[in-house]
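Engineer: Can you read through this structure? Questions will come right after.
The values are calculated or read from the model by the stated rules, or taken from the named source; none is laboratory data. The structure presented is a predicted model; accordingly, all values stated were derived computationally and were not measured. Backbone-built Cβ (ideal geometry, glycine too); neighbour counts: all protein chains shown. Only protein heavy atoms, including side chains, enter the accessible area calculation; ligands, DNA and RNA are left aside. Shrake-Rupley method; radii C 1.70, N 1.55, O 1.52, S 1.80 Å.
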Amino acid sequence: MAKVKDNVLVRLLDRKGRNVKSLAVLLDPDKVEMETLPLFVEKAVACGVDFFFIGGSLITNYGLERLVAVIKASCSVPVVLFPGSSLHIEPSADAILLLSLISGRNPELLIGQHVAAAPLLKRSALEIISTGYMLVESGKTTTVSYISNTLPIPADKPEIAACTAMAGEMLGLKAMFLDAGSGALRPVPGAMIQAVRQSVEVPLIVGGGIDNIEKAMNAWNAGADLIVVGNAIERNPAFMEDLAMLEKAERVLQ
């Protein structure tokens with residue numbers, strides 16, 4: 001087994017313990033412009049982005065190795081895989097969120113894909129972060145709900161999300177991810193984030209539908225330790241600067 005790289009989970013736990021909020025930028029390999037990526041990464045680092053997440057529910061451009069290489073050549077910010085399947089593994093990254101779709105009942109995404117990925121992950125130096133992944137209803141059918149063939153948790157049922165997260169933590173999962181999905185009409189409700197935050201001790205990641213400062217602040221204030229932003233930055237790169245300023249302000253207020 002290869003030596004595991006720097007511990008991303010320890011960093012998350014440390015920041016959570018100090019009540020320091022974190023920001024991740026999600027890059028979809030199908031949407032990244034490789035020619036302008038170095039400049040984008042440089043700007044993200046200057047804005048204080050804490051993690052780069054790479055992945056998507058459906059990837060048709062398998063340029064993961066090149067994408068990771070460009071990011072790592074440009075900065076030391078951890079690169080974390082956010083895989084849609086066992087095909088989306090790139091050993092040169094720093095870590096992988098080993099997602100178990102605990103909001104659904106599709107066995108392939110609870111254990112099946114993991115079995116297929118296990119030998120490659122075992123040989124890699126990737127830090128493996130077992131993560132309870134929960135899809136939340138967002139006002140539209142997202143790619144991830146369609147591809148996963150699962151129903152999201154109703155947005156007005158925070159108790160379901162809380163109990164699901166509790167069960168995942170009891171099963172040994174090391175982080176929880178509440179996701180409204182790419183292109184969501186609505187983000188994960190604050191009441192649901194708060195309910196999950198009060199129910200588990202592991203780091204809480206929240207993504208999907210966070211496309212303005214108010215929504216970002218609401219997620220952090222409700223208990224998210226790390227928010228993930230993707231589509232909104234693709235549409236409006238200046239949003240990343242606004243988020244960075246907000247994150248810094250939040251840190252000062254702690």
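Engineer: Taking a 1.4 Å probe, which of 197, 11, 235 shows the most accessible area, and what order do the others take after it?
Structural biologist: Correct descending sequence by accessible area is 235, 11, 197.
Engineer: Can you pull the one-decimal nm distance between simple spin-label points at residue 87 and residue 65, each 7 Å off the Cα toward Cβ?
Structural biologist: Simple spin-label model gives 1.7 nm for this pair.
Engineer: Say a paramagnetic label sat at a point 7 Å from the Cα of residue 140, along Cα to Cβ; which residues of the stretch 218-247 have their backbone N under 19 Å from it?
Structural biologist: Within reach of a label on residue 140: 228-237.
Engineer: Given Cβ point charges of +1 (Lys, Arg) and -1 (Asp, Glu) and nothing else, what value in debye, to the nearest 20, does the dipole of the chain about its Cα centre take?
Structural biologist: Roughly 460 debye, rounded to the nearest 20.
Engineer: Any idea of the accessible area per residue across the stretch 160-241, 1.4 Å probe, to the nearest Å²?
Structural biologist: Solvent-accessible surface per residue comes out at 38 Å².
Engineer: What distance in nm separates the two pseudo spin-label positions at residue 156 and residue 213, each 7 Å out from Cα along the beta-carbon direction?
Structural biologist: Simple spin-label model gives 3.2 nm for this pair.
Engineer: Taking only C-alpha pairs under 8 Å that are 6+ residues apart, what is the relative contact order of the chain in percent?
Structural biologist: 20 percent
Engineer: Still on this structure, I have one more. Highest first, please rank the peptides 171-177, 211-217 by the mean number of other Cβ atoms sitting within 10 Å of their residues.
Structural biologist: In decreasing order of mean packing, 171-177, 211-217 become 171-177, 211-217.
Engineer: With a cut-off of 8 Å between alpha carbons and a minimum separation of six or more residues, what is the relative contact order of the stretch 34-120 in percent?
Structural biologist: Once normalised by length, the contact order is 26 percent.
Engineer: Show the residues, 5+ positions off or on another chain, whose built amide H is closer than 5 Å to the amide H of residue 130.
Structural biologist: Correct list: 98, 174.
Engineer: Hey, another quick one. Run the numbers for residue 242 and residue 39: contour at 0.36 nm per residue of separation, minus the present Cα-Cα distance, in nm.
Structural biologist: Once the chain is fully extended between residue 242 and residue 39, it gains 71.3 nm.
Engineer: Continuing with this model, one more query. Once you place label points 7 Å from the Cα toward the Cβ at residue 10 and residue 105, how far apart are they in nm?
Structural biologist: My value for the distance between the label points is 4.1 nm.
Engineer: Can you tell which of 12, 56, 80 lies farthest toward the positive end of the dipole of the stretch 6-87, using +1 and -1 charges on the Cβ of basic and acidic side chains (Lys, Arg; Asp, Glu)?
Structural biologist: The residue sitting farthest along the positive end of the dipole is 12.
Engineer: Over the chain, with every protein chain in place, what whole percent of the accessible area is carbon and sulfur at 1.4 Å, could you tell me?
Structural biologist: Carbon and sulfur together cover 57 percent of it.
Engineer: Do any of 16/122; 21/43; 31/122 go past 23 Å between their Cα atoms, and which?
Structural biologist: From the list (16/122; 21/43; 31/122), the Cα-Cα distance tops 23 Å for 16/122; 31/122.
Engineer: With just the Cα atoms defining each centre, how far is the stretch 146-223 from the stretch 25-53? Give it in Å.
Structural biologist: Taking the Cα centre of each part, the stretch 146-223 and the stretch 25-53 sit 24 Å apart.
Engineer: Here's another thing I want to ask about it. For the pair residue 76 and residue 186, what calculated FRET efficiency results from E = 1/(1 + (r/R0)^6), where r is the Cβ-Cβ distance and R0 = 51 Å, to the nearest 0.05?
Structural biologist: 0.90
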